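What follows is one structure encoded as structure tokens, with my remarks underneath.
The values are calculated or read from the model by the stated rules, or taken from the named source; none is laboratory data. Note that the structure is a prediction, hence the values are computed from the model and not measured. Cβ: placed from backbone, ideal geometry, glycine included. Neighbour counts: every protein chain shown.
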Amino acid sequence: MKIAVGADHAGVRLKDGIISVIKDLGHDVVDLGCNCTESVDYPDYAVPVAEMVASGEADRGVLICGTGIGMSIAANKVPGVRCALVHDLFSAKATREHNDTNVLAMGERVIGPGLAEEIARVWLSTEFSQGERHIGRLGKVSDVEHKYHPAP
Ligand code: RB5
């Protein structure tokens, strides 16, 4: 898979470790920054990653900020993106199986690098369950998107 990765200044320290995990799993990485510790704005990194995933240019995305919250809010504004904020291994697996999430958000100020890397590994390695009930629920989520973002 091709995985787009983005971080703000409060998430940049985790980014290299996450990129190593992605490469270790045999995937390709598109690093959309940032590469600085000066203050930047998380939407400037969340939206390009989310748009790459929504357009199909990337298969999945991983976003890191201080809490992961700003990144997940911004990414979920892009139609077609299902971004999960995850800080535990159970949710990393469940959100792939149940929600078919295509973007993962984490907070560098919330968890350490060991757990973050393991979450990324589990999330990237877990398939959507294809369960009928989950497909139906995701259809209802898409209906909401279409309601507020009707096709031109
Ligand atoms: C930056 O200070 C911080 O607000 C940001 O990284 C993130 O946690 C926002 O949700």
Practice prompt. Looking only at the range 120-129, decide whether some residue is more than 10 Å from the chain's Cα centre (by Cα), assigned to a helix (DSSP H, G or I) and over 20 Å from Ser20 (Cβ atoms).
Written response: no
Practice prompt. Could you list all residues from the range 6-53 that are in contact with a Gly (Cβ under 7 Å, 6 or more places away or on another chain) and under 17 Å from Met106 (Cβ atoms)?
Written response: Gly6, Ala10, Gly11, Leu32, Gly33, Tyr42, Tyr45, Ala46, Val49, Ala50, Val53
Practice prompt. State all residues of the range 105-115 that are within 15 Å of the ligand (Cβ to nearest atom), out of contact with any helix residue (DSSP H, G or I) (no Cβ under 6 Å at 6 or more places or on another chain) and not in a loop (DSSP other than H, G, I, E, B); if no residue qualifies, say none.
Written response: Gly107
Fill in: Count - residues of the range 115-144 that are within 14 Å of Asn99 (Cα to Cα) and small (Gly, Ala, Ser)
5
Discussion item. It is to be established whether one or more residues within the range 92-104 are assigned to a strand (DSSP E or B), modelled with pLDDT of 95 or more, closer than 29 Å to Val144 by Cα and within 14 Å of the ligand (Cβ to nearest atom).
Written reply: no
Item to complete: Starting from the range 91-114, keep only residues that are small (Gly, Ala, Ser), then list their pairs with residues that are more than 16 Å from the ligand (Cβ to nearest atom) whose Cβ atoms are within a distance under 7 Å, requiring at least 6 positions of separation or different chains.
Response: Ala92/Ile119; Ala92/Val122; Ala92/Trp123
